[in-house]
Amino acid sequence: MLMIPGPTAVPEAALLASAKHPIGHRTREFSEIMEEVIQNLKWLHQTENDVLMVTGSGTAAMEAAMINFLSSGDRILVGCNGKFGNRWAEVGKIFGLNVETITSPWGKPLDTETFYKKLHADTNKQIKAVIITHNETSTGVVNDLETINHSVKAQGQALIIVDAVTSLGAMNVPVDSWGLDVVVSASQKGYMVPPGLGFVAVSPKAWEAYKTAKLPKFYLDLDKYRQFTTQNTTPFTPPVNLIMALQASLRMMKREGLASVFARHQRLMDATRAGIKALNLNLFAEDECASPAITAVAPSNIDVERIRALMSKRFDIALAGGQNHLKGQILRIGHLGFVCDRDIITCIAALEAVLPELGWNNFTPGAGVAAVWATLK
Ligand SMILES: Cc1ncc(COP(=O)(O)O)c(C=O)c1O
């Protein structure tokens, strides 16, 4: 039972779709699938912009988002309050961009005021892009993208590039109404599809920037994807079976409805947090910035790795550990994608069962599940 923030559980309809024989990507049959998938991707992104698919994980989409719209030496602001914000800064530096990081401690949200000040002071419009990780997977913190984006829009020139890898499909990312220029995501998260597809949504303003962007690119040259997408196909051989799975999962999401998908994630987050609090374990992120996709838990006096090992051994439930300096400090519960009430009840009940074995008796037996249930009822 996967309760990690990706790869996430895959529904049967998507698994069965991916188990079909591969078909040629230059056939009418494949183009029909592509046509539907592209329309539904736009629906999910709440956009009329291009939404392009690349073969690769989220990091391929991140790289594509940088090299297609920026040139070496360009000044960019990157929000860094976790592993993935840091990765954006790292990629930018490798491509010779003039990267300025705006940092917050891991577990805290980015400071919107600092972005406002930097952008407000940039009267010569030297800042070419602002990059925000919407949902910082390494800590379970949501950054205030909407407020930071207001400051970007007031500056006028900079592109807003968004890592929505664990926010898309879990929470509202209204690409058009917020005017998000480049939005990156990946199949193994809210999409409920196995790993292997990256997505990049591109605004007309970003396509303008593409015309003067000078970084070298071939496989990840997004203009190629744009051209082939208009013909309902792809420039290179795509993972056709993953796209068949995506067709099935997007249909499921459409049936559920966007508002319901977001409400479900919110509800599962509330239930998870209530359960953790009732077990007297510390939540790593404050309620105000808590993620609907991932809950990070920072237990004191218990070895996190032993909790994870026991959860796996006793109940076959996979929880994620901490990353980088948070290794051994936190565990992360993914409640992203194909997740329902039953999964949260199960996960918290299993935690209740293993904690006393590790010496943690600081809760009333049954309190965790009772708190989860009180939230879900
Ligand atoms: C917020 C965020 N950005 C980027 C990535 C990188 O994606 P991938 O591991 O698919 O390359 C991840 C992966 O977990 C992520 O959570």
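Nothing in this text is a laboratory measurement; each read-out follows from the coordinates by a stated rule. The model shown is predicted, which means the values in this text are computed figures rather than measured ones. Here the Cβ is made from the backbone with ideal geometry for all residues, glycine too, and neighbour counts use every protein chain on show.
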Exercise for review: Give the angle, between 0 and 90 degrees and rounded to the nearest 10, that separates the Cα long axis of helix 240-256 from the longest principal axis of the Cα atoms of the chain.
Suggested key: 70 degrees
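In terms of the Cα gyration tensor, with a ≥ b ≥ c the square roots of its eigenvalues, is segment 45-197 rounded because a/c is under 1.5, prolate because a/b exceeds b/c, or oblate?
On the way: a/c = 1.41, a/b = 1.35, b/c = 1.05.
Rounded.
Just list whichever of LYS42/LYS211; LYS189/LYS377; LYS93/LYS214; LYS153/LYS189 have alpha carbons separated by over 19 Å in the model shown.
Numbers: LYS42/LYS211 23 Å; LYS189/LYS377 27 Å; LYS93/LYS214 15 Å; LYS153/LYS189 29 Å.
As for pairs spanning more than 19 Å Cα to Cα, those are LYS42/LYS211; LYS189/LYS377; LYS153/LYS189.
May I ask you to order 350-361, 152-163, 253-264 by the average number of other C-beta atoms within 10 Å around their residues, highest value first?
Details: 350-361: 17.3, 152-163: 20.8, 253-264: 13.7.
Highest-to-lowest ranking by the protection proxy: 152-163, 350-361, 253-264.
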**Study point:** Residue-wise HN-Hα coupling along segment 98-106, computed from phi with Karplus coefficients 6.51, -1.76, 1.60 (Hz; x: Gly, Pro)
**Key:** 8, 8, 10, 9, 10, 10, 9, x, 4
Exercise for review: Could you work out how far helix 112-121 tilts from the main Cα principal axis of the chain, as a 0 to 90 degree angle to the nearest 10?
Suggested key: 20 degrees
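So what is the calculated 222 nm ellipticity per residue for the chain, using -39500 (n - 2.57) for each DSSP H run with n of 4 or more, over all residues, to the nearest 500 deg cm²/dmol?
On the way: 14 runs with 164 residues, N = 377.
After summing the helix terms and dividing by residue count, I get -13500 deg cm²/dmol.
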Check your understanding: Between the helical axis of 83-94 and the dominant principal axis of the chain, each derived from Cα atoms, what acute angle in degrees is found, rounded to the nearest 10?
Key -> 30 degrees
Practice item. Would you pull out the residues with amide H under 5 Å of GLY321's amide H, same chain only if 5 or more places away, H placed 1.01 Å from N? Key: ARG332
**Study point:** Shape category assigned to the chain from the gyration tensor of Cα positions, a/c cut at 1.5
**Key:** oblate
